[in-house]
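> The structure under discussion is supplied below as structure tokens; questions concerning it will follow.
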Amino acid sequence: MKQAITENEIIAMTNQVFEESFEIETEKLQPKMNIFEDLGLDSLDIVDLIVALQQKFGVKIRNDERVRYIRTLEDVYRFILSLKNEEH
Amino acid sequence: MKNIKSLKLISFNISFYFVFFLYSAIAIPVLTLLVAYFSLFMSHRNTMKWFRRAISWYGMLVIKVFPFPLIRIYYKDYEKNPGPGPYIFVCNHRSATDPFLMACLPYECIQVVNIWPFRLPVLGIYARWAGYLSINEMPFKQFSKQAVKLLKQGASIIVFPEGTRSGGKSMGQFHGSIFRVALEAKCPIVPVCISGNENIPPRGSFLLRPGKIKIHKLPAIKWEEFKALKPFKLKNMVRNIISKEVAVMDRKE
């Protein structure tokens, strides 16, 4: 049986994706940060982000409609959390 | 005193737009006929080259001669040994005059534009004929394919990666499409910084105000210098270079 991943682990791993894939400084990775306006990602970067998150968490995101509504880093954490909860 | 100033501003604008429309009505057909005539003796590639250069000559008069002396343009090239290109020129975007200011660049260029410039009467048609790329009307793969093809042909590309005018001294985040093209095409990137035209004209207006517009063309960043960077990092690196230079230019205003 898979062990459930904690919220803190999800936050840490998501931040790691942003640091590794986009080289964004750790200090900037605050939950309320808008990933487009504050962190500077664009639609093509979102594709890269999805690929990186899929690899990191072993989940399928690509065709998930909820991706469209993601605005802040907190939205990303919540989205991953909901995906992980759906697994269990 | 205020009334005299307003009167001066209005008369300047009336005279500018009158000359602009008159010149456009004459120059556009003349340049078109010239290019069409020479196309009989030239390859399609050379015709396009001269057509794009003709657009620059047309723009040069519009930005440098007609608004003079109330609006002055100062262009400075910081490249010690400018090459023949092609280049990807990356510019900050404050005003609707920015695309016209690009006539200063002495290269055969096409611009990456939004949908609205294509809707301009006459100029929009010429933009399409010249092969300008309407980034919002095509998926990234198609945009990338066309951009790489143009660069391989020797045409340079001008892009305003903020996507829209800031209307002030701030600078928006950059879109990354063109930086992915630069990586793929192994094309050098040239940062171009524009300052002083925030109100020439102000956003949502056609009223030109007197002022000094400075354009600084910075040294090219060669592909070898950025090939190891990811597109996200590259776009932010170029944005920082432009942002720093523009801040200095604004302070010297």
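> Looking only at the range B:136-161, how many residues end up being within 14 Å of chain A (Cβ to nearest Cβ), of a type outside the set (Phe, Trp, Tyr) and surrounded by fewer than 20 Cβ atoms within 10 Å (Cβ to Cβ)?
Qualifying residue count, the range B:136-161: 6.
> Look through the range A:1-24, keep the residues that are within 14 Å of chain B (Cβ to nearest Cβ) and assigned to a helix (DSSP H, G or I), and return whichever of them is surrounded by the most Cβ atoms within 10 Å (Cβ to Cβ).
Here the residue is A:Phe18.
> Could you please give the count of residues in the range B:234-253 that are farther than 22 Å from A:Glu25 by Cβ and surrounded by 14 or more Cβ atoms within 10 Å (Cβ to Cβ)?
Residues meeting the conditions: 4.
> Turning to a different aspect of this structure: I'd like the full set of residues that are part of a loop (DSSP other than H, G, I, E, B), more than 12 Å from chain B (Cβ to nearest Cβ) and open to solvent by less than 30 Å² (accessible area, probe 1.4 Å), limited to the range A:25-53.
A:Leu29
> If B:Ile4 meets every condition in (1) open to solvent by 60 Å² or more (accessible area, probe 1.4 Å); (2) not hydroxyl-bearing (Ser, Thr, Tyr); (3) not in a helix (DSSP H, G or I) apart from one, which number is that one?
Going through (1) open to solvent by 60 Å² or more (accessible area, probe 1.4 Å); (2) not hydroxyl-bearing (Ser, Thr, Tyr); (3) not in a helix (DSSP H, G or I) one by one, B:Ile4 breaks only (3).
> Within the range B:165-184, is even one residue over 17 Å from the mean Cα position of the chain (by Cα) and among the β-branched types (Val, Ile, Thr)?
yes
> To continue, here is another question. Being in a loop (DSSP other than H, G, I, E, B) and within 14 Å of chain A (Cβ to nearest Cβ) is the filter here; which residues of the range B:192-250 pass it?
B:Ala228, B:Leu229, B:Lys230
> Under 21 Å from B:Lys214 (Cα atoms), open to solvent by 50 Å² or more (accessible area, probe 1.4 Å) and part of a helix (DSSP H, G or I): does that describe B:Trp50?
no
> Does the range A:32-49 contain at least one residue that is of a type in the set (A, V, I, L, M, F, W, C), within 24 Å of A:Ala4 (Cα to Cα) and within 11 Å of the chain's Cα centre (by Cα)?
yes
> Then there is this: Right, B:Phe68: outside any helix (DSSP H, G or I) and out of contact with any helix residue (DSSP H, G or I) (no Cβ under 6 Å at 6 or more places or on another chain) or not?
When the stated conditions are applied, B:Phe68 passes them.
> Return only the number of the condition from (1) in contact (Cβ under 8 Å) with a residue 60 or more places away in the chain; (2) of a type in the set (Val, Ile, Thr); (3) surrounded by fewer than 11 Cβ atoms within 10 Å (Cβ to Cβ) that B:Ile71 does not satisfy.
(3)
> How many of the residues making up the range B:102-120 are under 16 Å from B:Val192 (Cβ atoms), in a helix (DSSP H, G or I) and open to solvent by 50 Å² or more (accessible area, probe 1.4 Å)?
Looking only at that region, the number is 0.
The values are calculated or read from the model by the stated rules, or taken from the named source; none is laboratory data. Everything quoted here is computed from the prediction, not taken from an experiment. Here the Cβ is made from the backbone with ideal geometry for all residues, glycine too, and neighbour counts use every protein chain on show. Ligands, DNA and RNA are stripped out before the accessible areas are found, and what is left, the full protein with its side chains, is counted by its heavy atoms. Shrake-Rupley method; radii C 1.70, N 1.55, O 1.52, S 1.80 Å.
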